[in-house]
Amino acid sequence: MKKKELAHNKLESEEGCCSHNHNVNTDNHQSNFKIYLPAVISFIMLITGIVMDYYGTAFFKNWVRLVWYGIAYIPVGFPVMKQGWDNIMKGDFFTEFFLMTIATIGAFAIGHYEEGVAVMLFYTVGELFQHSAVEKARGNIKALLDVRPNKALVNRNGKYVSVNPEEVEIGEKVQIRVGEKIPVDGKLVSQKASLNTAALTGESKPDTIREGDKVYAGSINLEGVIEIESTKLFNDSSISRILDLVQNATSRKSKTELFIRKFARIYTPIVVFLAIGVTLLPYFFVDDYVFQDWLYRALIFLVISCPCALVISIPLGYFGGLGAASRNGILFKGASFLDAITKINTVVMDKTGTLTKGVFKISAIKAFTYSEEELMQYLLAIETQSTHPIARAIMEYEHDKNIYQANNVTEIAGKGLKGNVSGKTILAGNNSLLNSNNIEVPQETESIVESIVMIAIDNVFAGYVIVADQLKDDAQEAITNLRKVGIENIIMLSGDKASITDRVGLELKLNQAKGGLLPEDKLDEVERLKKIPGTKVAFVGDGINDAPVIATSDVGIAMGGLGSDVAIETADVIIQTDQPSKIAQAIKIGRSTRHIVWQNIALAFGVKLIVLILGAGGIATMWEAVFADVGVAFLAILNAIRLQKMKWS
């Protein structure tokens, strides 16, 4: 848990100079009562003091009144003063802690005790709301942290022993009982398993896994006792790498966030000197100058000008966007990419594994001299001897009878298979195989662009099977949604045959589809697009071959990030669910985050400017100043956490 706490502390230190804690930490052993106690004490004493002021209580005057409000001030004021002093010792003089301290002490100096307490009290309440909002925004990521397994049942010396997942070696057998989390990445040794992968992919639907399939750490076993064989060490597992990505996501600041931070460091000292000017300069221009009145206006000016609303709400807005995306199965590697994805106007996609499933399946069977069932019996018998991907696709054909037995099966390189089945000579392969055996092939096969397996039985053409990659279930939806969010230029680049790529491009109504490309060809295409003025390119891929293009594009998006180490390392955005429809959703989340951040900037500057003018003119009091500072910060925080409630279909 040490790493988790360090990540949280790092985040809080980055979320703004306004984040003093008044001992408001996230330790579970500290009750909410203790967290809110200082503010409660100050509030009760402040209200009591105001009531006694209003009713003119005889004893509540002079030093009694000063002591009362002084005690009310200490619980909320001392932590701020201490933080301000600590910052000064580090060379950071002009912070909001310094502004708040000077403004409230100044209020005491001119006899406005209750206003000095009120400013610090409401500032503290605002900080408590910020703390609560950050915890809420962090909720999705905390849930992700909690999926980290804490034990593994490993088969050692013939018996299962419980060990820390970090101690599991590659190749060891691990047992997972019902309801337990898979501790390391591996492959299933049992016949099948039903797994809940919601923590990894955002999908609540159980996933059925077969023997030999990959399984990932953090998945929950839903049915029966299963066994896996580990293929990675715990620290190299997909869940560990994803957790590291999420924990470090806030370290990559957006340009907006970086600008506001730099602005606040310049803005704060300017405000201090302006406040001094508001106090002293009127002496030379105003006939009835009263030092106390202009000092009060300057103190109001200081309180109003605190940059808390900006410094708190902007990082919180981006953090909320990162958390919302994570909840939807989309990982942004930093706030900068939430910004970058909003500027994309061209999306380039790989085909296999991105828009298609990357798994061959039988799409059509044509039998000539035999029934379909009989033809497939001969074909299945001979294809069982092959490990080719097309052979595996053919073996998925559903049949009721036992498969015929084949013998003397030989593989003819680049052409197909030859063997004997039930006394008949079987040829299964491409056009070249049949031509070399002087077997006439029907002319209709020449127009077929997909992979085709032709079958001849005893030197007579018997039929063919078309095997094709299948579009993903949401491929068409993905293109439609991209059009809806304003992406007009959608291009597909593939290493597959041009004829197949063209057919997929027409089916999905893409702007352009190019096939027969090598990885360097894809890279050249993306670099050409980037040279077009005003073009911002996102490339979506899923494999090692796509890594150079993912790295070159303005925003690199990886599909199926759980299974691809290279994709995780290279991409800026990872679609955990392997669904291309999530690309448009990622763009929507980025835009929503950006809208909220700019709403907060406009709100903070607008309200502060109005109240600053009123304060300098003597119209606004310290109470309006409190609203302009703490009130605006609170409204900005509420606006930022709306991201946690939004839905992006």
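Key figures for this structure:
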item	result
Stretch gain in nm, segment ASN402-VAL449, where the contour uses 0.36 nm per residue and the Cα spacing is subtracted	13.7 nm
Protection-proxy order for peptides 599-607, 179-187, each taking the mean of Cβ atoms within 10 Å per residue, highest first	179-187, 599-607
At most 14 other Cβ within 10 Å, DSSP loop - GluC sites (Glu not before Pro), segment 446-529	GLU488
Efficiency of FRET from Cβ geometry, MET646 and ASP53, R₀ 51 Å, rounded to 0.05	0.65
Estimated vicinal HN-Hα couplings, Hz - segment 265-276 in sequence order (Karplus 6.51, -1.76, 1.60; Gly, Pro = x)	6, 7, 5, 4, x, 4, 4, 4, 5, 5, 5, 4
Linear extension gain, TRP623 paired with LYS82, 0.36 nm per residue minus alpha-carbon span	192.3 nm
14 Å reach of a label modelled at LYS361, 7 Å along Cα-to-Cβ, counting backbone N of segment 425-469	467-469
Members of LYS34/LYS333; LYS472/LYS514; LYS187/LYS588; LYS173/LYS418; LYS509/LYS588; LYS159/LYS214 lying beyond 28 Å, as alpha-carbon distances in this model show	LYS34/LYS333; LYS187/LYS588; LYS173/LYS418
Calculated FRET efficiency for the pair PHE273/PHE60, C-beta based, R₀ 51 Å, to 0.05	0.85
Efficiency of FRET from Cβ geometry, LYS424 and ILE532, R₀ 60 Å, rounded to 0.05	0.50
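Here, each number is a calculation from the coordinates, and none is a lab measurement. This one's a predicted model, so the numbers in the text were calculated from it and none came from an experiment. With ideal geometry, Cβ positions are generated from the backbone for all residues, glycine too; neighbour counts draw on all protein chains shown.
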